[in-house]
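Let me begin by presenting the structure, written as C-alpha cells, before commenting on it.
What follows is calculated from the coordinates using simple rules that are stated; it is not laboratory data. A quick note: this is a predicted structure, and the numbers were derived from the prediction, not measured.
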Amino acid sequence: MSEGVFSGVVADWQKTEAQKRREQLLLDELVILVNKRDALVRDLDAQEKQAEEEDEHLERTLEQNKGKMAKKEEKCVLQ
C-alpha cells in the first residue's frame, strides 16, 4: 500500500475527542443522507409503478371503447 494514499488516516487510538466527535457527526449525516436517498428512490419507484398502471388502464379503456365504437358504426346507416 502506498503511504500517500493513507497519509491523512489517523488510527482510532491517536484521534482526539474532537476528531472522534467530528467523525461520528459525519457518519450520522451520511446515514441520514443515505436514508433520504433511499426514501426518494422508493417514492420514485412507486410513482413509476402508478404511472404504468394508469397507462395500462387507459389502454384497456381505449381498446374497450374502440370496440364499442366499431359496433355503433356498424349500426349507423346513411339514409
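What is the extension gain from residue 40 to residue 16, computed as 0.36 nm multiplied by their sequence separation minus the C-alpha to C-alpha distance, in nm to one decimal? Walk me through the numbers before you get to the answer.
On the way: separation 24, 0.36 × 24 = 8.64 nm, distance 3.62 nm.
Length gained, residue 40 through residue 16: 5.0 nm.
Phi-derived couplings, Karplus 6.51 cos²θ - 1.76 cosθ + 1.60 at θ = phi - 60°, listed residue by residue for segment 23-35: 4, 5, 4, 5, 5, 4, 4, 4, 4, 4, 5, 5, 5 Hz, with x used for Gly and Pro. Using θ = phi - 60° in the Karplus curve 6.51 cos²θ - 1.76 cosθ + 1.60, the 3J(HN,Hα) couplings for segment 60-67 round to 4, 5, 4, 5, 5, 5, 4, x Hz; x is entered for Gly and Pro.
Straight-distance candidates among the aspartates and glutamates for linking to residue 15, with alpha-carbon spacing under 20 Å and chain neighbours fewer than 8 residues away dropped: 3, 23, 28, 29. For residue 68, a cut-off of 15 angstrom between C-alpha atoms picks up these aspartates and glutamates, skipping any fewer than 8 places away in its own chain: 59.
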